[in-house]
1. Heavy atoms only, probe 1.4 angstrom, no DNA, RNA or ligands counted: give me B:Phe260, A:Phe73 ranked by accessible area, highest first.
2. Kindly sort B:Trp48, B:Trp229 by accessible area of their heavy atoms, largest first, with the probe set to 1.4 Å.
3. With a 1.4 Å probe and all protein chains left in place, how much of the accessible area of chain A comes from carbon and sulfur atoms, in whole percent?
4. Taking H placed 1.01 Å from N in the peptide plane, check which residues at least 5 places from B:Ser231 or on another chain put their amide H under 5 Å from its amide H.
5. Got a sec? Which residues in the range B:60-75 would a label at B:Asn156 touch, if it sits 7 Å along Cα→Cβ and we count backbone N under 18 Å?
6. Can you find, among B:Pro521, B:Gln501, B:Ser475, the residue farthest towards the positive end of the dipole of the range B:470-533? Put +1 on the C-beta of Lys and Arg, -1 on that of Asp and Glu.
7. On average, how much area does the Cα convex hull of the range B:38-113 cover when viewed from any direction, in nm²?
8. Give the residue from B:Thr61, A:Val180, B:Tyr298 lying farthest towards the positive end of the charge dipole for the protein assembly as shown; charges sit on Cβ (+1 for Lys and Arg, -1 for Asp and Glu) and the dipole is referred to the Cα centre.
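The values are calculated or read from the model by the stated rules, or taken from the named source; none is laboratory data. It should be emphasised that the depicted structure is a prediction, and the values quoted were computed from it without experimental measurement. Note that we place each Cβ from the backbone using ideal geometry, even for glycine, and neighbour counts take in every protein chain shown. Surface areas here come from the heavy atoms of the whole protein model, side chains and all, with no ligands, DNA or RNA. Shrake-Rupley method; radii C 1.70, N 1.55, O 1.52, S 1.80 Å.
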Amino acid sequence: MNMLRFMALALAGMMLIGCTSTPPPRPHYYVLDTPKATPIETGKPIAVAAVSVPDYLRQRKLVMRQSSQQIIFANYHSWADDLPASIRRVLIEELSAASSLYRFVDSCTDCGELQVRVDQFYPTDAGQAVLSGSYSLRMGQGGEQHAQPFYLERPLRDDGYDEAVSQMRQLLLDLSQIIVAKNMKK
Amino acid sequence: MAEANNTENEGQSRAQRPVMKSKPRFSPIWLLPLLALAIGGWMVYDDWQNKGVHIEVIFDTAEGIEADKTLVKYRNVDVGKVSAISFTNDRDAIVVSIEIDKAMQDFLNEDTQFWVVRPRIGAEGISGLNTVLSGAYISLSPGSAAEFTTSFEGRNKPPVTSPNADGLFLTLTSDGSKPPRVGSPVTYRGFTVGRIESSEFDPESRTASYGVFIDAPYNSLITTNTFFWNSGGISVNATTEGVKVDIATIETLISGGVEFDVPEDLDLGKPVTGGKDFTLYDSRDSVDNRRKYEYLEYALLVEDSVSGLRKGAAVEYRGIRMGTVESPYLPFNQKVEGEQDITTDPRIPVIIRVEPGRMYEGDEIDIPAFESLITSSIEKGLVARLQTANILTGALKVSLDFSAEAKQGEEEKQRVESYGRYPVIPTQRSGLDNLTAKVEGILERIEKLPFEQTLANANGAIDSTGSAARSTEKSMEEFQQMARGLQPGSPIYASLQDTLQQLQDTLRSVRPLINELTNKPNALIFGSGQKADIEPKAKPAAGARGQ
């Protein structure tokens, strides 16, 4: 009986100790794309293949580069959706908006193809948002396909991951415009 | 007038008175007959002085011979003339009387030979063509005998060799079937050293004998160990080693010939000076095969067929000729003393001769020592087998070797049996016979196999396999159908992909928790104690730049 009481008291005490600890920070979830109603598009279809990203980006936590070689993962700031899928959706949206001759779709038959490989997609502690990698575009079936590298940066105007995500979204827009400008306006 | 008348009267008286003269005793007129007489006498004397030697030569025929016309020549020089031709008393031959010049008297001896030279065509060529126009003549060849004679036997053909030629005269005896022709060459290693002078066949002994003359100085090649063989024609020999064609010279090819040499395994022997008889062998190979050696006789009791085994076949020891088959079988009605006959013992007795001389060099051979060697070999497992000697003809030979068990050292000591007076060498089947027996055994076993039952079982198995195949086919179709449901693009495939993706996301999310718990196991109770995230800081505004 004394033993039982002692154990109950100990448990209660531990719970009280736990209650006195600092409550953890609130988690934040982010999305890249902002779906909006798109008009019916015309033009030749080009399929956008699945985007490939490095392994450290294949998870939901936001990433920041703290030094030239160090990456830190945020514990309370995460992507709400799969990052590669989000990047792909954004690219489809922005490329279609930027080109009048072509429309970019998930898949099509007997059509061109765009493949994108992302190597860096994160903010840095130097106040920059970085997007780098390469893409290869085949305009039609049987057309040539060459890999073209890209490296894009945008400065962060404000602190925090909100600003970082916003600038990262802009970087994808910049990439879309570059792709269209270099390959489709001839 | 009176005086004139007196004178006239005296004159007339003188005229009327005969004058008496004395008559010469010898009239000159007799000179003529005397002269004639003298000449005649001188002629007679001269004729008597030069009268030749009268000889008689007996010929078989007087063809080409005419009295007082046919000449006798020696080296194309006239030395005599035929004076008369008559018959012998028995009218069996022709007696030709010849006057030979006196100066040639010393040519007339017992060895002198006479023959008629007329056109002849023979293997040695065409001779005597000059007599077509001039007529036949008699030629002589002087002999070297001392005794003078006036009666001669004429030859039917010219002598092959001159009687006083320098060399060696031999006789060869043969029972072969290829008689060399008279006049054929006798060669030694391709060189012609003599000729065959004569040939004679004796019906009683059924042998032929040939007179051979070897010219000097080649007569020194003839020794006691010389062997002669018939080298005429072509000799074709087909053995397991191949086909051998033997041709001597063109002359021997056409007209035959005799060759001689000393076999390699014998020494030269002592030179022969005359009077020795030699055997004429059929061929060079038969010299090695048939020459007489000292021998030991043995019996083989053969269970198999002896078809193809002939007298004179080789007996070999591991390929080395060491003997000859004397008798491929004993006649069935010839019962060997002390042994069983064919009705009780079906084995065929083959008699062989083991000839140690074939394997020894030189002439000194210890026969008893060789005999004991053979006996000890039989005790150790020496066996005999009949093997094929010639594939083309099927001829057999006897091969001696140690049995397989003896070679491996497993053979026990064998007792040497005897068949009458012959020691027995045990026989074994040859490799080919063994193979045949084994193949027969295998075929018998195959024949005993239950083929019908096996076939029936196989048919049943095929039927059941067919039905199994049909059910398998059905299963395959169902599987294919199922697989189609799982192909990319199918709803199940898409659902699977989504599920896998969610699983991966979940695992990624759980990984930090697992790391945390690994580092701080009480984090579940006391919290991880994590501080707030380090957030990126802004930089002084700058234009977006890209590449």
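1. Highest to lowest solvent-accessible surface, that is A:Phe73, B:Phe260.
2. Numbers: B:Trp48 165, B:Trp229 15 Å².
Result of the area sort, largest leading: B:Trp48, B:Trp229.
3. Details: 5700 of 10210 Å².
Carbon-and-sulfur percentage of accessible area, whole number: 56.
4. Sorted by chain and number, the residues that satisfy this are B:Gly257, B:Val258, B:Glu259.
5. So the set is B:60-65.
6. B:Pro521
7. Details: hull surface 25.4 nm².
Seen from a random direction, the Cα hull of the range B:38-113 projects 6.4 nm² on average.
8. A:Val180
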